[in-house]
Amino acid sequence: MAKTAVVIGAGLAGIQVAQQLTDLGIVVHLIEKESIIGGLSTHLGRVFPTGDCALCLDASTEIFDGQHRRCQYRGLVTEKKNLKLHTMTEIKSITEVDGNFKISIKSQPRYVDLDRCVVCLECIEVCDVKTPDEYGIRGGTRKSIYRPVPQGVPLAPLIDMEHCTKCGKCVEICKVNAIDLEEKESTKTIKADALILATGVEEKIPLDFPGYEYRTSDDIITHAELARLLDPAGSTNGVVTTSSGNNVSEVTMVLCVGSRDLDASEYCSQACCTYSLKHADMLRDRGIDVTICYMDLRVPKSSEHYLTQAREKGVKFLRGKPDRVVIREGKPVTIVEDTQSQKRMQIESDLVVLASPLASLGIENDSITDFFAEYGFAHRVVREGKIYACGTATGPTDIPTSIAEANAVALKVYSDLIGGV
Amino acid sequence: MKKLILCTCNKTLTKWLDFARIEKEVGSTFESIHIHDALCLEEGLTFLDAEVSKDDTVVIGACTSQIIGVPLAERLKSELVSYVPLREHVAWVHKDDQKGATNKALVLLNDAAIHVDFLEPQTAVDIEMEKKVLIVGGGIAGLKVASDLLQLGIEVTLLEPPEFNSKDYLEKNQFMADSSTLKGVVKDLKTTSKGVKKVCGTISKLSGRAGLYSVSLKRDNGKEEEILVGAIIIATNSEHSPPSIAKMCHYGKTNQTLLLSELSTLIAKQTAKESKTIFVTQDPSYHDSSVAGSYLLREVTYAAEKGNTVIVAHSDIHTKDENLYRAARKSGVIFIRGSLEKVSKKKKGLVCRLENTLESQVREFTVDYLVLQTQLKPWSGTRPLADTLGLNLDREGFIKTRYAKMKPVQTSKRGIFIAGNAKTPMNLNDALASASNASLEVFKNLIADGERKGWIPVVDEELCDLCDACVEACPNDALRHEGDLIKHIPMNCEFCGICVSACPTRAIEFQSHSKDSWLTRIESIATKHKKLEGQKPFSLVYACSECANASIDQAGFAGKGYPTGSYVIQFPCAGMVSPIEILKGLVVGAEKIIVAHCPPGGCHHQTGDHLSELVVKFTQDMLKSIGQDPSRVKATYMIAALPNKMQEEVAHRG
């Protein structure tokens, strides 16, 4: 009988490991709590180290097609026969019987049947309900039947029942009968031989980090939010604006906001230096002045060109960790001591962008939280022969390292379950 | 029969396209026309099962081939299919111009009708594989690959270059992890890789193709031998090399200056009572990596724990493990931010003068030892090895991966992979992952039993003057000059068509995409456009089938509309576009020609982005020299994350 593996999390690492295992003849259930796959990558737009598109997947069957890579919407994840994708789904419990796992999952209703929807998007057109778009900032709205991001996969929309008025217009317009407003949540139990944690990380929202006023001002934002502002498909069409709608001309970035800090997150999030530089580059290309306040610049070798570019493009670097960011006359002011000149500075800017730590998502779910160790990250081998982790579930890292780890885990699971030729 | 099958996508495309008019006006071009409302659903696929036979040529006017092409590839009996993305490239982006959109649809359907006439069935490629693997380098990563593959039942030969002495794995790999972890891993790997065939020597020649390489080995006992392997994995080491400040620090002139890699040996020899002052410095010109930073922190902690006074002059110490920093501080290591200005040899010791940037002052330290952080460089034999195998190197001399983001173990050559420190200095954990990643790729290739198909280039011997331009241009070593022939190696071919644009005598024809097909199609688009739109200007976008095509599809999804009169012609790779197709576009009256390719360094076939930029530059120069406006021709990249690219490029007319 075919062996089965459950992969938790359909970010880049989860997709990678799932595709590889499927290619090797293992049945894979890929569990994703969001309505679309891609994880962090769907928020990012452009990614390092290559500076290109975040929507790239490794087409793992490279020996046959010369293409090597595929865009997420090209549908292999939703089309492969042995790969069952469960979106809007969470793990309810995991039990072990005779050395195998019984994993019970609960799926929230999408109200749109993925097998029936032809993605004509007419339902979105006819929907009358407008609500704030959680993916957009600066007042973007969406309908209550919606697609979170244009490039999101699966392509079919979903309904936000909290705001839906059940007027039935979408049901009526959908001639292929893909919409069911009465769909209920469903549960299912999967028997699995191996479990892979690819739960990933999320930029912590620095709501309670003292001194930086993130809570009080919409001009103090995180990098995930800046990425949405920079995204040409986002609510501002790629124009970086202040909360009052003005164009931005000066941005201050603060690194290590709550990272490498014994009172907050003790570890270094690895990626923030690089994505700050990436965003600084993109801002400079729009003619916006950027100052980066940092403690150490930890840029991996593969992304060193971002640092060179940032210096060439005139990004200002200031070594020092700001004491406070305050709002003065409606504008954020960063108060910092430049440790090189030992001068105290007050930097007024239109936007302050905080590099908040990347925190593990795996520990949020009680049924798997025991598999994680220090700082909420898992070891690659959680339990030999049974449970593995890959991608940023084992600690923040860049895409190439995540992909390599996902491939390594795929090989390990294959060796455990099936063995050689 | 030539058939047209249109899909209305749940009757929605009828809002923006006049299907009745389309049916009427293309009637004479096709022998049958069908309109379906949901081609992608089971009912649509069942309809296609019944409607399309093996001998039909088919034009599908529906959503993008990237979406509908996936289910249709399995269900359509005919291979001769051309897709017109009526939804993403027409209806959704021209919502306020029904007449213009319908005209555009007519132009594109007419083009597709011509395109299918040129289509040929794909050629099946022999995928015979030699199920043996050669690993170069028996360090941590090499042993890991050997161990992985042995466990999977693959026969492995491990080639050790003569200067690799297997006894000093630990010393050489010290920077990867703490010594007890490293020792444990090496011990395990030595056990699990037992049975691997070890050979000491170098590679003198490589021939054959991906999956069936013939490798000439020169053994250190002088014997030459040739082995057949399906894949090669390069797992060579990184080496410590003295930093740029070595001379200033009198390295080599005094035994008081040593490299970081020599420090632990010195400390191990120390007796308990001898406490020394040790000054450790980073190399300000060297970009510190996490692995180098972690190594430095472990070594200085060890020295301090042995009772020495340790001072570290640094700028940024990069480490993945913040606790190493904390342990170093706890052990009493003194960290000073600053750079070494001058070192003088005095009787009492080495006097190190340091500019401390934190306190903005100069300080002097008299120390017993000055320890220099090393630079981790590629193994010294990397370049000759890469030359023999035909691999590219990166700026620092490590072996370059095929694509930095998603392809961490693939090299520029199919069938050759890298593992561990051959790519860049790595810590133990990452090196083991990298090695297993390489094992996986190799294993998957070797057990592959599917069918590989594609349209391949065919060289006309009469026209070919053996100039080797195609051989040099092919990014995948799929064309070789052998005797009086240019020989095609189908297993290496990625079906990109770059060779076609490289050939100065136009001797290469690409199946289904002959040179004549492009010219005919370009001409027919212009003719049809003029017939329907009269004097209205039009532009042509020659888009690669990967990123550029995805970006144009996403323009539809993201609602980034642009004017009609913009026609996308899909090329397998932008590198296949030659000045001739560009000039043809101008000759038939296009106002603007845009060659859209993958992002810089992101071409799926490695060089198409760069080549298409060169071809466009060349064409622009040509136009300039004959007094034409070069700005009518443009090369640009398009990616799915930038769905506004198409809008930017075709929105404003000059």
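The values are calculated or read from the model by the stated rules, or taken from the named source; none is laboratory data. Predicted, not measured: the structure shown is a model, and the values here were computed from it. All Cβ positions, glycine included, derive from the backbone under ideal geometry; neighbour counts span all protein chains shown. Heavy atoms of the whole protein, side chains included, go into the accessibility calculation; ligands, DNA and RNA do not. Shrake-Rupley method; radii C 1.70, N 1.55, O 1.52, S 1.80 Å.
Of the residues A:Arg116, A:Arg110, A:Arg74, the single one that is farther than 22 Å from A:Val409 by Cα and open to solvent by 20 Å² or more (accessible area, probe 1.4 Å) is A:Arg116.
Looking at B:Lys95, B:Lys11, just one residue is in contact (Cβ under 8 Å) with a residue 60 or more places away in the chain, basic (Lys, Arg), assigned to a loop (DSSP other than H, G, I, E, B) and open to solvent by 40 Å² or more (accessible area, probe 1.4 Å), and that residue is B:Lys95. Scanning the stretch A:271-303 for residues that are of a type in the set (Asp, Glu), at the interface with chain B (Cβ under 9 Å from one of its Cβ atoms) and either over 25 Å from A:Asp323 (Cα atoms) or open to solvent by 20 Å² or more (accessible area, probe 1.4 Å) (or both) turns up nothing. Of the residues making up the stretch B:574-589, those that are crowded, with 19+ Cβ neighbours inside 10 Å and farther than 19 Å from B:Asp516 by Cβ are B:Ala574, B:Gly575.
All conditions in (1) farther than 15 Å from B:Val458 by Cβ; (2) buried (at least 18 other Cβ atoms within 10 Å of the Cβ); (3) more than 21 Å from the chain's Cα centre (by Cα) hold for B:Asn492, with the sole exception of (3).
Go through (1) within 14 Å of another protein chain (Cβ to nearest Cβ); (2) surrounded by fewer than 20 Cβ atoms within 10 Å (Cβ to Cβ); (3) not in a loop (DSSP other than H, G, I, E, B) and name the single condition A:Gly25 misses. The number of the failed condition is (3).
Looking at A:Ser367, A:Ser402 in this structure, which one is out of contact with any Phe, Trp or Tyr (no Cβ under 7 Å at 6 or more places or on another chain), more than 11 Å from chain B (Cβ to nearest Cβ) and of a type in the set (Gly, Ala, Ser)? Let's see the steps before the verdict.
Working: A:Ser402 fails: more than 11 Å from chain B (Cβ to nearest Cβ).
None of the others qualify; the one that does is A:Ser367.
For the stretch B:263-277, filtering for residues that are over 17 Å from B:Gly332 (Cβ atoms) and aliphatic (A, V, I, L, M) leaves 2.
Give the residues of the stretch B:247-294 that are assigned to a loop (DSSP other than H, G, I, E, B) and among the small types (Gly, Ala, Ser), sorted by residue number.
Here is the first cut: in the stretch B:247-294, the ones assigned to a loop (DSSP other than H, G, I, E, B) are B:247-250, B:252-253, B:255-256, B:270-276, B:282-289.
Across the stretch B:247-294, the qualifying residues are B:Gly252, B:Ala272, B:Ser275, B:Ser285, B:Ser289.
Against the numbered list (1) assigned by TED's automatic domain parsing to the domain that holds B:Tyr169; (2) under 21 Å from B:Pro572 (Cα atoms), B:His89 comes up short only at (1). Residues that are under 27 Å from A:Pro148 (Cβ atoms), outside any loop (DSSP other than H, G, I, E, B), open to solvent by less than 50 Å² (accessible area, probe 1.4 Å) and of a type outside the set (Lys, Arg) do not occur anywhere in the stretch A:255-264. Of B:Arg402, B:Arg395, which residue is open to solvent by 20 Å² or more (accessible area, probe 1.4 Å), within 12 Å of chain A (Cβ to nearest Cβ) and part of a strand (DSSP E or B)? Matching residue, one of B:Arg402, B:Arg395: B:Arg402. For the stretch B:216-268, taking the residues that are of a type in the set (Ser, Thr, Tyr) and farther than 30 Å from B:Leu159 by Cβ, the one that is nearest to the chain's Cα centre (by Cα) is identified as B:Ser244. Residues in the stretch B:68-92 that are within 21 Å of B:Gln647 (Cβ to Cβ), within 14 Å of chain A (Cβ to nearest Cβ) and in a strand (DSSP E or B): how many? Residues in the stretch B:68-92 being within 21 Å of B:Gln647 (Cβ to Cβ), within 14 Å of chain A (Cβ to nearest Cβ) and in a strand (DSSP E or B): 1 in total. In the stretch A:240-270, the qualifying residues are those that are small (Gly, Ala, Ser) and over 25 Å from the mean Cα position of the chain (by Cα), and the one that is farthest from the other protein chains (Cβ to nearest Cβ) is A:Ser244.
Residues that are within 21 Å of B:Cys40 (Cβ to Cβ) and among the small types (Gly, Ala, Ser) were ranked within the stretch A:114-172; the one that is nearest to the chain's Cα centre (by Cα) is A:Gly152. When the stretch B:538-579 is filtered for residues that are within 27 Å of B:Cys503 (Cα to Cα), in a loop (DSSP other than H, G, I, E, B) and of a type in the set (A, V, I, L, M), only B:Val577 remains.
Yes/no per residue for (1) outside any strand (DSSP E or B); (2) of a type in the set (Val, Ile, Thr); (3) without any contact (Cβ under 8 Å) to a residue 12 or more places away in the chain:
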{"residue": "A:Lys191", "(1), (2), (3)": "no, no, no"}
{"residue": "A:Glu202", "(1), (2), (3)": "no, no, no"}
{"residue": "A:Gly211", "(1), (2), (3)": "yes, no, no"}
{"residue": "A:Arg215", "(1), (2), (3)": "yes, no, yes"}
{"residue": "A:Glu225", "(1), (2), (3)": "yes, no, no"}
{"residue": "A:Arg228", "(1), (2), (3)": "yes, no, no"}
{"residue": "A:Gly238", "(1), (2), (3)": "yes, no, yes"}
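Would you confirm, using the coordinates I've provided, whether A:Glu213 is among the charged types (D, E, K, R) and either within 14 Å of chain B (Cβ to nearest Cβ) or within 25 Å of B:Leu642 (Cα to Cα) (or both)? Criteria not met by A:Glu213. Take the conditions (1) open to solvent by 20 Å² or more (accessible area, probe 1.4 Å); (2) farther than 30 Å from B:Gln98 by Cβ; (3) assigned to a helix (DSSP H, G or I); (4) polar (S, T, N, Q); B:Ser517 misses just one of them, which is (1).
Annotation: of all residues in the stretch B:308-329 being free of Cβ contacts under 8 Å to residues at least 40 places away in the same chain and assigned to a strand (DSSP E or B), the one that is most open to solvent (accessible area, probe 1.4 Å) is B:Thr309.
If you take the residues of the stretch A:191-228 that are hydrophobic (A, V, I, L, M, F, W, C), touching a Gly at 6+ places or on another chain (Cβ under 8 Å) and farther than 30 Å from A:Gly25 by Cβ, which of them is surrounded by the fewest Cβ atoms within 10 Å (Cβ to Cβ)? Top of the filtered list is A:Phe209.
On the basis of being more than 17 Å from the chain's Cα centre (by Cα) and closer than 30 Å to A:Val47 by Cβ, does B:Pro408 make the cut? No, not satisfied. Within the stretch B:342-356, residues that are without any contact (Cβ under 8 Å) to a residue 24 or more places away in the chain and on the phi < 0 side of the Ramachandran plot reach partners that are of a type in the set (Gly, Ala, Ser) and part of a strand (DSSP E or B) with beta carbons closer than 9 Å, at six or more positions or on different chains, in the pairs B:Val351/B:Ser344; B:Arg353/B:Ser344; B:Glu355/B:Gly338; B:Glu355/B:Ser339; B:Asn356/B:Ala313; B:Asn356/B:Gly338.
Residues in the stretch B:297-334 that are under 22 Å from B:Arg363 (Cα atoms), more than 14 Å from every other protein chain (Cβ to nearest Cβ) and of a type in the set (S, T, N, Q): 2 in all.
If you check B:Gln554, B:Gln620 for being touching a helix residue (DSSP H, G or I) at 6+ places or on another chain (Cβ under 9 Å), surrounded by fewer than 24 Cβ atoms within 10 Å (Cβ to Cβ) and outside the structural domain of B:Ser82 (by TED's automatic domain parsing), only one passes: B:Gln620. When B:Glu226 is tested against (1) out of contact with any Phe, Trp or Tyr (no Cβ under 6 Å at 6 or more places or on another chain); (2) assigned by TED's automatic domain parsing to the domain that holds B:Glu364, only condition (2) is not met.
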